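A.B. asks: Submitted below is the structure of interest, expressed as structure tokens.
The values are calculated or read from the model by the stated rules, or taken from the named source; none is laboratory data. Just so it is clear, the structure is predicted and the values come from calculations on it, not from any experiment. Cβ placement follows ideal geometry from the backbone for every residue including glycine, while neighbour counts extend to all protein chains displayed. The area values use the complete protein model at the heavy-atom level, side chains included, leaving out ligands, DNA and RNA. Shrake-Rupley method; radii C 1.70, N 1.55, O 1.52, S 1.80 Å.
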Amino acid sequence: REAVRTEMKAKDLSRRDALKVARDYAYEIAANYSYPFVVFMSGILGRLWNRLYDGIELVNFSSLQSVGEGSEIVYVPCHRSHMDYLLLSYVVYHKGFVVPHIAAGINLNMPVVGSLLRRGGAFFLRRSFGGNVLYSSVFSKYLAQMMARGHSIEYFIEGGRSRTGRLLQPKTGMIAMTVRSYVREPSRPVVFVPVYFGYERVVEARTYIGELSGRPKEKESILGMLKTLPELRSRFGKAYVSFGEPLPLDPVIQEHYPAWNRDEPVNDDRPGWVTPLANDLAHRIMTRVNAAACVSPINLLGLVLLATPRQSMGEVDLARQLELYSSLLRQAPYSPRVWVTQLDGQSMIRYGESMGVLRRHRHALGDIIDMTEETAVLASYYRNNVLHLLLMPSLLACA
């Protein structure tokens, strides 16, 4: 009501017109969740995954199962591909959990596509609220209603898809709104569940190669989606979904606001301690995403070959180096949640050849394995997914 009054004064509107603007914002934002549609899409996606991937590796799922019953779950995955939200919803649904409501960028609210996404639980937000008090109020209240009703929520705190393979700097807007909504109406304890996605080949590979080579980012469009359809005939290897260590919100609030008590809601709309708390939460979430990484043969091939001058090595040397890296990752793990492929060096090389990542040049003294220039550009993306896992061994090696 306060926001409506502000809108009336700022734009010289009648109360009726200001309420109509607020209602239009609500319809722009809101999901239109349909359980029959979710069941239907589950069957479609099951066939799609079987067509696209050689399998989906589900890692650390016990982390999600450990979240106490009656908690409000907020999924906070990294963002690699448009497949992320489909994959997480599919996995969660087939493990007996409720499909989350997903915060999606307004750029995905395209004709037909937007309507289908809404039925699957997507709700839309603008990239920037731009000082629009009324829009911000409507969105915050919508988010608060979803949480109060016990709907699990999912959003990508990186804001957009990573084009480099590294995690992006987190955007704290959604986290801050989640915290403010919770402390005003703390009906269910909130638990953040970080999720790591890994792909041996992303569906948007060609787009990413162009962007990594300097082309400007393409806007999402129906035509752009249709252009990617021929790519679905390619082989994409395995997809990895790994759950990080859950992060309960209450203890973090108590660190920043010792007077916090769930039985006494906070009436202040914008408490000063929320901003530093949101920054702290974002950092902890991203750390836990990194700690749940999955190391595939494609990641290791990128790590090894991109460290050579011409992205090429003798087959025997390459196999030995791959086994050294995987051995390091097992013996000195970055985190107990990190998953590492069990393949030996020769098997990884054969797998890389079958995926079209590697080329073989026959030689009497031993075959040479290398990458094309285009493949090397994309391999940097997969290397960057797991580069942080070897920071400590590499630092020690340098010293």
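A.B. asks: Can you spot the aspartates and glutamates whose alpha carbon is less than 16 Å from Lys238's alpha carbon? Ignore those fewer than 8 places along the same chain.
C.D. replies: Asp54, Glu57, Asp84, Glu200, Glu204, Glu353
A.B. asks: Do me a favour and compute the ellipsoid semi-axes for segment 95-202 from its Cα gyration tensor, root of five times each eigenvalue, largest one first, whole Å.
C.D. replies: Equivalent ellipsoid of segment 95-202: 22, 18, 16 Å, largest first.
A.B. asks: Let me ask something else about it. Which percentage, to the nearest 5, of the DSSP beta bridges contained in the chain is antiparallel?
C.D. replies: That works out to approximately 40 percent antiparallel.
A.B. asks: On the protein heavy atoms, probe 1.4 angstrom, tell me the percent of accessible surface of segment 229-384 carried by carbon and sulfur.
C.D. replies: 49
A.B. asks: How many angstrom lie between the C-alpha centres of segment 96-124 and segment 1-79?
C.D. replies: First find each Cα centre; the distance between them is then 6 Å.
A.B. asks: Follow-up. Restricting to DSSP H runs of at least four residues, report the calculated mean residue ellipticity at 222 nm for the chain, -39500 (n - 2.57) per run over all residues, nearest 500 deg cm²/dmol.
C.D. replies: Helices in the chain give a 222 nm mean residue ellipticity of -14500 deg cm²/dmol.
A.B. asks: Roughly to the nearest percent, how much of the accessible area of segment 22-100 is carbon and sulfur, given a 1.4 Å probe?
C.D. replies: Result for segment 22-100: 55 percent of the exposed heavy-atom area is carbon or sulfur.
A.B. asks: Right, here's the next one. What is the spin-label model distance, in nm, from Leu395 to Ser187 if the labels are put 7 Å beyond Cα along the C-beta direction?
C.D. replies: Spacing of the two 7 Å Cα→Cβ label points: 4.5 nm.
A.B. asks: Once Lys and Arg get +1 and Asp and Glu get -1 on their Cβ, which of Phe129, Tyr93, Met83 lies farthest toward the positive end of the dipole of segment 54-154?
C.D. replies: Going by the Cα projections, it comes out as Phe129.
A.B. asks: Still on this structure: Run the numbers for Asp263 and Arg350: contour at 0.36 nm per residue of separation, minus the present Cα-Cα distance, in nm.
C.D. replies: My answer for the length gained is 25.3 nm.
A.B. asks: Grab the other residues whose beta carbon is less than 15 angstrom from that of Asp317, score K and R as +1, D and E as -1, and report the net.
C.D. replies: Net local charge, Asp317 excluded: -2.
A.B. asks: What's the Cα-based Rg to Rh of segment 54-93, Rh via Kirkwood?
C.D. replies: Taking Rh as the inverse mean 1/r over Cα pairs, Rg/Rh reads 0.98.
A.B. asks: Treating only the Cβ of Lys, Arg, Asp and Glu as charged (+1, +1, -1, -1), what charge dipole size does segment 44-143 show about its Cα centre? Round to the nearest 20 debye.
C.D. replies: Roughly 400 debye for segment 44-143.
A.B. asks: If you place +1 on the Cβ of every Lys and Arg and -1 on the Cβ of every Asp and Glu, how big does the dipole about the Cα centre of the chain come out, in debye to the nearest 20?
C.D. replies: Dipole about the Cα centre, nearest 20: 1000 debye.
A.B. asks: So for Thr164, Thr178, what's the accessible-area order with a 1.4 Å probe, most first?
C.D. replies: My answer, sorted largest first, is Thr164, Thr178.
A.B. asks: At most 10 other Cβ atoms within 10 Å and a DSSP loop assignment: could you name the trypsin sites (Lys or Arg not before Pro) in segment 332-399 that fit?
C.D. replies: Arg362
A.B. asks: Oh, and also: With charges only on Cβ, +1 for K and R and -1 for D and E, what is the dipole size of segment 1-87 about its Cα centre, in debye, rounded to 20?
C.D. replies: Around 500 debye, computed over segment 1-87.
A.B. asks: Considering only the other residues whose Cβ falls under 9 Å of the Cβ of Glu245, what net charge follows from Lys and Arg at +1 and Asp and Glu at -1?
C.D. replies: Charge balance near Glu245 sits at +2.
A.B. asks: Counting only the heavy atoms of the protein chains, how much of Lys95 is accessible to a 1.4 Å probe, in Å² to the nearest 10?
C.D. replies: Counting only protein heavy atoms, Lys95 exposes about 110 Å² to solvent.
A.B. asks: Around Arg362, with a cut-off of 14 angstrom between Cβ atoms, what is the net charge of the other residues, counting Lys and Arg +1 and Asp and Glu -1?
C.D. replies: -2
A.B. asks: Taking all protein chains together and a probe of 1.4 Å, list Thr275, Thr375 from the most accessible to the least accessible.
C.D. replies: Thr275, Thr375
A.B. asks: Using a 1.4 angstrom probe, figure out how much accessible area the chain has per residue, in square angstrom, rounded to the nearest whole.
C.D. replies: Using a 1.4 Å probe on heavy atoms only, each residue of the chain averages 49 Å².
A.B. asks: While we're on this one: If I take all pairs of Cα atoms in segment 283-374, what percentage of them are more than 21 Å from each other?
C.D. replies: Value for segment 283-374: 35 percent of Cα pairs lie more than 21 Å apart.
A.B. asks: In whole percent, and with a 1.4 Å probe on the protein chains, what portion of the accessible area of segment 153-199 is carbon and sulfur?
C.D. replies: Carbon plus sulfur share of accessible area: 52 percent.
A.B. asks: Sticking with this structure for a sec: Counting only Cα, what are the radius of gyration and maximum Cα-Cα distance Dmax of segment 80-137, in Å?
C.D. replies: Rg then Dmax for segment 80-137, in Å: 13.3, 41.
A.B. asks: For segment 29-69, divide the Cα radius of gyration by the Kirkwood radius and give the resulting Rg/Rh value with two decimals.
C.D. replies: Radius of gyration over Kirkwood radius for segment 29-69 works out to 1.11.
A.B. asks: Report the calculated FRET efficiency for Gln331 and Val98 (r = Cβ-Cβ distance, R0 = 56 Å), to the nearest 0.05.
C.D. replies: 0.90
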